[in-house]
């Protein structure tokens, strides 16, 4: 079986554009997910059941259901009443952000709880409030321990973004499917997509290792 490089070359501009959108959506989603996840993480650690129970239900839902199902719900049910129409890119970002928040919440919780209790008590003895102790003593130490987990979450998010092709987000997998549909060449389409995803995730893993060594 001959590999048709001419087909891949012809789709190269669209694949490159899709790759850029894949990285962009993943980058925005990991930041939004990290911000939302911080609040959810604190909610899970709350001793008030009326806070911790809904937050735990949120985490269990997004960690216990397939991403593609979440994307379809957001795209067809959540976004149209808000925007008045469907928007695949917005739906994709919202889905990945909400999904990522459920996982980053656990990263925050584990990171914060891994800090020795004596650190908090020492901060209180210096006259800090609980908020100041968390901001200036606990979180700075915890964040260093969270970085590998956040890096892995970003890598997972890049790979999971392929699911957004099902709601017509024009990312990498979308254009790979378009190539396969136009030329009926499965090997060229999906081998190219796999190679690009591998390059992205491998580069991110090496960057993560560099950051870990620096810290």
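A few points about this structure:
- Residue 75 meets the conditions (1) assigned to a helix (DSSP H, G or I); (2) closer than 30 Å to residue 130 by Cα in every case but one. The failed one is (2).
- Selected residue (only one of 176, 161 is crowded, with 16+ Cβ neighbours inside 10 Å and within 15 Å of the chain's Cα centre (by Cα)): 161
- For region 78-118, the set of residues classified as surrounded by 13 or more Cβ atoms within 10 Å (Cβ to Cβ), without any contact (Cβ under 8 Å) to a residue 40 or more places away in the chain, more than 17 Å from the chain's Cα centre (by Cα) and assigned to a helix (DSSP H, G or I) consists of 78, 79, 80, 110, 111, listed by residue number.
The rows are residues; the columns are (1) within 24 Å of residue 38 (Cβ to Cβ); (2) surrounded by 14 or more Cβ atoms within 10 Å (Cβ to Cβ); (3) at pLDDT below 95; (4) in contact with a helix residue (DSSP H, G or I) (Cβ under 6 Å, 6 or more places away or on another chain).
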| residue | (1), (2), (3), (4) |
| --- | --- |
| 120 | yes, yes, yes, yes |
| 127 | no, no, yes, no |
| 140 | yes, no, yes, no |
| 144 | yes, no, yes, no |
| 149 | yes, yes, yes, yes |
| 154 | yes, yes, yes, yes |
| 182 | no, no, yes, no |
| 187 | no, no, yes, no |
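- The residue list 32, 83 contains one member that is farther than 27 Å from residue 190 by Cβ and at pLDDT 95 or above, which is 32.
- Hey, residue 38 touching a helix residue (DSSP H, G or I) at 6+ places or on another chain (Cβ under 7 Å), in a helix (DSSP H, G or I) and surrounded by 13 or more Cβ atoms within 10 Å (Cβ to Cβ) or not: yes
The values are calculated or read from the model by the stated rules, or taken from the named source; none is laboratory data. Nothing here was measured: the structure is a model prediction, and the numbers come from that model. A quick note on method: Cβ atoms are made from the backbone with ideal geometry, for glycine too, and the neighbour counts reach across all protein chains shown.
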